[in-house]
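Below: the structure, in structure tokens.
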Amino acid sequence: QVQLVESGGGLVQAGGSLRLSCAASGRTFSGYAMGWFRQAPAKEREFVAAISWSGGKIYSTNSLGRFTISRDNDKNTVYLQMNSLKPEDTAVYYCAARPSTASTRRVDYASWGQGTQVTVSS
């Protein structure tokens, strides 16, 4: 399996921006699709965005237009640029990997990071 470590979370005011990073190690990053999910207190973990090995992207309706997912395959890293943040974006953000095409389904991902907290104040 791929080991994943997220970073870049923090406290930001509404309307602000954050850039999350997810560094992969262990097995080869080649061919893996990467996803970002988030989980707010007392809520289910939900899909945010995903990117295939070749760069194809999928976004949730909540993130489309505000968030941008990207990857640097040479650095084994995937990013989530989050702009125009809202208090309802407050959650723990998780990075996930799967050795196949990008997916919006949590159950399709076998490797997960520990998460990074994002808090958006009003």
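The values are calculated or read from the model by the stated rules, or taken from the named source; none is laboratory data. Since the structure is predicted, the reported quantities are computational estimates derived from the model, not experimental observations. Neighbour counts are summed over all protein chains in view; Cβ atoms, including those assigned to glycine, are modelled from backbone coordinates with ideal geometry. Only protein heavy atoms, including side chains, enter the accessible area calculation; ligands, DNA and RNA are left aside. Shrake-Rupley method; radii C 1.70, N 1.55, O 1.52, S 1.80 Å.
Numbers at a glance
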| quantity | calculated |
| --- | --- |
| Identity of the residue in the range 105-116, touching a residue at least 24 places away in the same chain (Cβ under 8 Å) and open to solvent by 90 Å² or more (accessible area, probe 1.4 Å), that ends up nearest to A23 (Cα to Cα) | Q114 |
| Selected residue (only one of G16, G35 is out of contact with any Ser or Thr (no Cβ under 6 Å at 6 or more places or on another chain), assigned to a loop (DSSP other than H, G, I, E, B), open to solvent by less than 60 Å² (accessible area, probe 1.4 Å) and within 20 Å of Q117 (Cα to Cα)) | G16 |
| Criterion (touching a residue at least 24 places away in the same chain (Cβ under 8 Å) and farther than 19 Å from D108 by Cβ) met by exactly one of A23, A33, A50 | A23 |
| Residue within the range 67-80 that is among the small types (G, A, S) and under 17 Å from G8 (Cβ atoms) present | yes |
| Single match in S30, S25 (criterion: modelled with pLDDT under 95, more than 11 Å from the chain's Cα centre (by Cα) and not in a loop (DSSP other than H, G, I, E, B)) | S25 |
| S54 being open to solvent by 70 Å² or more (accessible area, probe 1.4 Å), over 20 Å from S84 (Cα atoms), of a type in the set (G, A, S) and in a loop (DSSP other than H, G, I, E, B) | yes |
